[in-house]
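Inspection log for the structure reproduced underneath, given as structure tokens.
The values are calculated or read from the model by the stated rules, or taken from the named source; none is laboratory data. The model shown is predicted, which means the values in this text are computed figures rather than measured ones. Here the Cβ positions follow ideal geometry from the backbone for every residue, glycine too, while neighbour counts run over all protein chains shown. Ligands, DNA and RNA are stripped out before the accessible areas are found, and what is left, the full protein with its side chains, is counted by its heavy atoms. Shrake-Rupley method; radii C 1.70, N 1.55, O 1.52, S 1.80 Å.
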Amino acid sequence: FVWGVISSLPHSLGIASSLEGDNNIIGLYSGTILYMVGLFMESIADYQKWSWKQSNPGKFCRTGLWSISQHPNFVGNICIWTGIAIMNVPSLRWQLVPIACLSPLILWKFFLGQAEGSITSGVELAAKKYGDDPGYSDYIETVPLLFPDLKRLFAKK
């Protein structure tokens, strides 16, 4: 319940606002683009991991989006809710903007906590499951937890 309330803050506050907004087309388009990128990223990441597990049972996924982020599905979700926040900011009273921004910030902190293992035991479980694979330790050391390293991604090889 709390997760749903926090996640939907930007949309809920925007839809409940009595302001009509200022037709900020830049905010609408940039928020929509970020939303679409996030939806695409989360969907592709989930499909890639599912597909990987079908053909490589018991092995960890490090292809596609998983080669540039240890948790690309989390990054996609953060982009979705940040995009929704950007789309709704023009219709909010200035006092509500920081509250709407809590959604992507809390999601980022929550996902980072999950990725680091401070919230769940997922990191421990993965280490037990894949720890014997030498590629796994290299993956953990070189691939960013959440957001891809853009310099490394676009570096000339």
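Quick notes on this structure:
- Condition check for Ile78: touching a residue at least 60 places away in the same chain (Cβ under 8 Å) and over 30 Å from Pro134 (Cα atoms): yes
- Residues (out of contact with any Pro (no Cβ under 9 Å at 6 or more places or on another chain) and either open to solvent by less than 60 Å² (accessible area, probe 1.4 Å) or free of Cβ contacts under 8 Å to residues at least 40 places away in the same chain (or both)) located in the stretch 84-101: Pro90, Ser91, Trp94, Gln95, Leu96, Val97, Pro98
- Of all residues making up the stretch 117-141, the number that are hydroxyl-bearing (Ser, Thr, Tyr) and within 13 Å of Gly58 (Cβ to Cβ): 2
- Single condition Gly58 does not satisfy, out of (1) assigned to a helix (DSSP H, G or I); (2) open to solvent by 40 Å² or more (accessible area, probe 1.4 Å): (1)
- Total residues in the stretch 49-68, condition over 17 Å from Ala127 (Cα atoms) and in contact (Cβ under 8 Å) with a residue 24 or more places away in the chain: 4
- In the stretch 106-130, the residues that are more than 11 Å from Leu145 (Cα to Cα) and modelled with pLDDT under 80 form no Cβ pair under 9 Å with any partner that is outside any helix (DSSP H, G or I) and open to solvent by 60 Å² or more (accessible area, probe 1.4 Å), whether six or more places apart or across chains.
- Reported count of residues in the stretch 102-144, each being within 30 Å of Ala16 (Cβ to Cβ), of a type in the set (A, V, I, L, M, F, W, C) and either touching a strand residue (DSSP E or B) at 6+ places or on another chain (Cβ under 8 Å) or open to solvent by less than 50 Å² (accessible area, probe 1.4 Å) (or both), is 3.
- Exclusive hit being β-branched (Val, Ile, Thr), assigned to a helix (DSSP H, G or I) and under 24 Å from Tyr47 (Cα atoms), set Ile99, Ile78, Ile106: Ile78
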